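**Student:** Attaching a single structure in structure tokens format; questions to follow.
The values are calculated or read from the model by the stated rules, or taken from the named source; none is laboratory data. Computed from a prediction, not measured in an experiment: that's the story for all the values here. Counting neighbours? That spans all protein chains shown, and the Cβs are built from the backbone with ideal geometry, glycine included.
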Amino acid sequence: MTSLQHPEQPAAIVTGADSPVAAAIASRLRSSGWRVERATGTPVVPKAPISGLVYEPGLLASADGARPGQIVDQLFDLVESVRPRLPTSSEGGARIVVVSSRDGLGWADRPHAAAASGALVAAARSLALQLAPAGVTVNVVAAVPPEAGTSRAAAEPSELTPDAVTAEDIARTVAFFLDDRSGYITGQVLYCCGGASLLSSLSV
């Protein structure tokens, strides 16, 4: 994979217009020098070439009625709609980050979110393989819902971080994948969960 080497200010699209997590991601990127366009729904037609795309489907909010097929189809439609505006490999390539949920490892109280999260990981890894020749990386940030302190406080082992994950924590993790220094990382899942992913064997 190549690094982003665009001479002008890099541009990104962040979906999830009503999401606090998406708002935190947009704010973090702007503070890092990105020009950010917020979007909701698909298709999205960028006004100019974009170097980054963040898909935030809302799985960190109430996702009891999540439809895995619909959420994955939205990702595919979104990628297809922006693909003509992504820089080529020789131009530095682009970054796609999917915001998913730790529920994909299994969680009894959120089976719909778990199914959608697992499907998103499979879709993102497949897109990573498909888009790698074009210099596009695709990675997943799997988080717990922001401020979910009660779940973590009740968790064992007791060494887990006691503070709740925040939207800013998730935003910083997304920014890591969008950074030009992460250009050789693709098809990966990074858990932003304060150790909750370690408890997957206790969730069934």
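**Student:** When you look at SER151, is it modelled with pLDDT under 80, buried (at least 17 other Cβ atoms within 10 Å of the Cβ) and not in a loop (DSSP other than H, G, I, E, B), yes or no?
**Tutor:** On the way: modelled with pLDDT under 80: yes; buried (at least 17 other Cβ atoms within 10 Å of the Cβ): yes; not in a loop (DSSP other than H, G, I, E, B): yes.
Spelling it out, SER151 is indeed modelled with pLDDT under 80, buried (at least 17 other Cβ atoms within 10 Å of the Cβ) and not in a loop (DSSP other than H, G, I, E, B).
**Student:** Condition first: in a loop (DSSP other than H, G, I, E, B), over 23 Å from CYS193 (Cα atoms) and without any contact (Cβ under 8 Å) to a residue 60 or more places away in the chain. Now tell me which residues in the range 73-110 satisfy that.
**Tutor:** Once the filter is applied, which keeps residues that are in a loop (DSSP other than H, G, I, E, B), over 23 Å from CYS193 (Cα atoms) and without any contact (Cβ under 8 Å) to a residue 60 or more places away in the chain, the range 73-110 yields LEU86, THR88.
**Student:** Could you check the range 44-67 and list, in sequence order, the residues that are at pLDDT below 90, closer than 24 Å to LEU131 by Cβ and among the charged types (D, E, K, R)?
**Tutor:** Passing the criteria: only LYS47.
**Student:** Follow-up question, since we're still on this one. With (1) within 18 Å of LEU131 (Cβ to Cβ); (2) at pLDDT 95 or above; (3) of a type in the set (Val, Ile, Thr) as the list, and THR2 as the residue in question, which single condition is left unmet?
**Tutor:** Checking THR2 against (1) within 18 Å of LEU131 (Cβ to Cβ); (2) at pLDDT 95 or above; (3) of a type in the set (Val, Ile, Thr), the one that fails is (2).
**Student:** Do we find that VAL136 is among the β-branched types (Val, Ile, Thr), under 25 Å from THR166 (Cα atoms) and in contact with a Gly (Cβ under 7 Å, 6 or more places away or on another chain) in this structure?
**Tutor:** Working: among the β-branched types (Val, Ile, Thr): yes; under 25 Å from THR166 (Cα atoms): no; in contact with a Gly (Cβ under 7 Å, 6 or more places away or on another chain): yes.
Answer is no for this residue.
**Student:** Is it fair to say SER81 is among the polar types (S, T, N, Q), out of contact with any Gly (no Cβ under 6 Å at 6 or more places or on another chain), within 19 Å of GLY187 (Cβ to Cβ) and modelled with pLDDT of 85 or more? Break it down stepwise before answering.
**Tutor:** On the way: among the polar types (S, T, N, Q): yes; out of contact with any Gly (no Cβ under 6 Å at 6 or more places or on another chain): yes; within 19 Å of GLY187 (Cβ to Cβ): no; modelled with pLDDT of 85 or more: yes.
It is false that SER81 is among the polar types (S, T, N, Q), out of contact with any Gly (no Cβ under 6 Å at 6 or more places or on another chain), within 19 Å of GLY187 (Cβ to Cβ) and modelled with pLDDT of 85 or more.
**Student:** Right, here's the next one. State yes or no: is ARG95 farther than 23 Å from VAL165 by Cα, surrounded by fewer than 21 Cβ atoms within 10 Å (Cβ to Cβ) and not hydrophobic (A, V, I, L, M, F, W, C)?
**Tutor:** On the way: farther than 23 Å from VAL165 by Cα: yes; surrounded by fewer than 21 Cβ atoms within 10 Å (Cβ to Cβ): no; not hydrophobic (A, V, I, L, M, F, W, C): yes.
For ARG95, the condition - farther than 23 Å from VAL165 by Cα, surrounded by fewer than 21 Cβ atoms within 10 Å (Cβ to Cβ) and not hydrophobic (A, V, I, L, M, F, W, C) - is not met.
**Student:** Something else: For the range 10-46: of the residues being part of a loop (DSSP other than H, G, I, E, B) and aliphatic (A, V, I, L, M), which is surrounded by the most Cβ atoms within 10 Å (Cβ to Cβ)? It would help to see each step written out before you state the result.
**Tutor:** Step one: of the range 10-46, the residues part of a loop (DSSP other than H, G, I, E, B) are 10, 16-19, 32-34, 40-46.
Okay, now just the ones that are also aliphatic (A, V, I, L, M), so 17, 44-45.
Working: ALA17: 13, VAL44: 18, VAL45: 10.
Ranking the qualifying residues of the range 10-46, first place goes to VAL44.
**Student:** Report, ordered by the first and then the second residue, all pairs with beta carbons closer than 6 Å, sequence separation of six or more or different chains, a first member in the range 8-26 that is more than 17 Å from VAL44 (Cβ to Cβ), and a second member that is aliphatic (A, V, I, L, M) and part of a loop (DSSP other than H, G, I, E, B).
**Tutor:** From residues that are more than 17 Å from VAL44 (Cβ to Cβ), the pairs are VAL21/LEU60.
**Student:** Just to be sure before I move on: is PRO68 surrounded by 17 or more Cβ atoms within 10 Å (Cβ to Cβ), farther than 22 Å from ALA26 by Cα and touching a Ser or Thr at 6+ places or on another chain (Cβ under 9 Å) in the structure I sent?
**Tutor:** Details: surrounded by 17 or more Cβ atoms within 10 Å (Cβ to Cβ): yes; farther than 22 Å from ALA26 by Cα: yes; touching a Ser or Thr at 6+ places or on another chain (Cβ under 9 Å): yes.
Spelling it out, PRO68 is indeed surrounded by 17 or more Cβ atoms within 10 Å (Cβ to Cβ), farther than 22 Å from ALA26 by Cα and touching a Ser or Thr at 6+ places or on another chain (Cβ under 9 Å).
**Student:** Let me ask you something else. Is it true that VAL99 is modelled with pLDDT of 90 or more, within 16 Å of LEU190 (Cα to Cα) and touching a Gly at 6+ places or on another chain (Cβ under 9 Å)? Before the answer, list the steps.
**Tutor:** Details: modelled with pLDDT of 90 or more: yes; within 16 Å of LEU190 (Cα to Cα): yes; touching a Gly at 6+ places or on another chain (Cβ under 9 Å): yes.
It is true that VAL99 is modelled with pLDDT of 90 or more, within 16 Å of LEU190 (Cα to Cα) and touching a Gly at 6+ places or on another chain (Cβ under 9 Å).
**Student:** Which ones in the range 82-139 are charged (D, E, K, R) and over 23 Å from VAL21 (Cβ atoms)?
**Tutor:** Passing the criteria: ARG83, ARG85, GLU91.
**Student:** Tell me, yes or no, whether the range 130-148 has at least one residue that is among the small types (Gly, Ala, Ser), crowded, with 16+ Cβ neighbours inside 10 Å, modelled with pLDDT of 90 or more and farther than 20 Å from ILE25 by Cβ. Talk me through it step by step, then tell me what you get.
**Tutor:** Step one: list which residues in the range 130-148 are among the small types (Gly, Ala, Ser), which gives 132, 134-135, 142-143, 148.
Next, from what is left, pick out any that are crowded, with 16+ Cβ neighbours inside 10 Å: 132, 135, 142-143, 148.
Filter again for modelled with pLDDT of 90 or more, leaving 132, 135, 142-143.
From what's left, farther than 20 Å from ILE25 by Cβ: 132, 135.
Yes, that holds for at least one residue.
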